[in-house]
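First the structure, in the form of structure tokens, and then the observations on it.
The values are calculated or read from the model by the stated rules, or taken from the named source; none is laboratory data. This one's a predicted model, so the numbers in the text were calculated from it and none came from an experiment. Every residue, glycine among them, receives a Cβ derived from its backbone with ideal geometry; neighbour counts consider all protein chains shown. We work out accessible area using only protein heavy atoms, side chains counted, and drop any ligands, DNA or RNA first. Shrake-Rupley method; radii C 1.70, N 1.55, O 1.52, S 1.80 Å.
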Amino acid sequence: MLLTTPFVTLLAVVGSAMATPLLEVPEADVSHLQARVSPTNMVKITSTTDYCMIVPKNKHTNIGDSEHPGGMTTYCSKPTDSSQGKFASNFWSKVTLKQAKGKNGKDYIQLTGCINPSTNDRLNPNDGGGQYDSNGGAGGKGNPQGSQCTGYASYVELIEPDSKRACIRCCQDKADCPTNKATQGCAAVIPGNYSGC
């Protein structure tokens, strides 16, 4: 049986197409993107009325006692997920928002000021406080581990219920979010306005 010319031409075209290598598409640079994080393992600062912070997961718990896997959770002024707790509108009795450039010229944003610890049942009002962060903890993996600040590379947060102070800073450069001064308190870690607390 003889093959007709159009059929032979079709075979030749299909054969050459199969022999042609596929186009190579370069990989996109995604190094600036953050991994998806659990809504109960994140912080954020948008404004003095739109923020999220890490707090103890269980009621009336000292910050230090919550620092173990599963012992912490996220509370927000405006929760975006049903698994997040909600801060009372008067959690901050006095709060200051600051956006600036850090030591190496990268952006940071922070909230500093006075809190009403009795408005959040997760806190023990007599607790001396403690620190949560994205780069401290075991192996520098954060406390809670894997926690992140939305839109930033790192964060540090202190809550001092007995002094009625709190502070949180999200940084593009981790040098602006020191994790080695936890016992020195908010004023040393995140300078801001704490008068009248």
Practice problem: Mind listing whichever residues of segment 142-181 are touching a helix residue (DSSP H, G or I) at 6+ places or on another chain (Cβ under 8 Å), open to solvent by less than 40 Å² (accessible area, probe 1.4 Å) and under 16 Å from residue 54 (Cα atoms)? | Solution: 154, 156, 158, 159, 160, 161, 166, 167, 169
Quiz item: Of 126, 120, which residue is open to solvent by 10 Å² or more (accessible area, probe 1.4 Å) and either modelled with pLDDT of 95 or more or out of contact with any strand residue (DSSP E or B) (no Cβ under 7 Å at 6 or more places or on another chain) (or both)?
Solution: 126
Quiz item: Of the numbered conditions (1) touching a residue at least 12 places away in the same chain (Cβ under 8 Å); (2) out of contact with any Asp or Glu (no Cβ under 6 Å at 6 or more places or on another chain), residue 46 satisfies every one except a single condition; which is it?
Solution: (1)
Quiz item: Given (1) closer than 21 Å to residue 76 by Cβ; (2) of a type in the set (Gly, Ala, Ser); (3) not in a strand (DSSP E or B), where does residue 113 come up short, assuming only one miss?
Solution: (3)
Quiz prompt | Selection count where residues are surrounded by fewer than 24 Cβ atoms within 10 Å (Cβ to Cβ) and either touching a Ser or Thr at 6+ places or on another chain (Cβ under 9 Å) or assigned to a strand (DSSP E or B) (or both), scope segment 129-141 | solution = 7
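Could you check segment 167-197 and list, in sequence order, the residues that are in a strand (DSSP E or B) and in contact with a Leu (Cβ under 7 Å, 6 or more places away or on another chain)?
167, 168
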Self-check item: When residues of segment 92-104 are limited to those that are of a type in the set (Gly, Ala, Ser) and in contact (Cβ under 8 Å) with a residue 12 or more places away in the chain, the one most open to solvent (accessible area, probe 1.4 Å)
Solution: 93
Self-check item: Selection within segment 53-89 - in contact with a helix residue (DSSP H, G or I) (Cβ under 6 Å, 6 or more places away or on another chain) and surrounded by fewer than 16 Cβ atoms within 10 Å (Cβ to Cβ)
Solution: 88
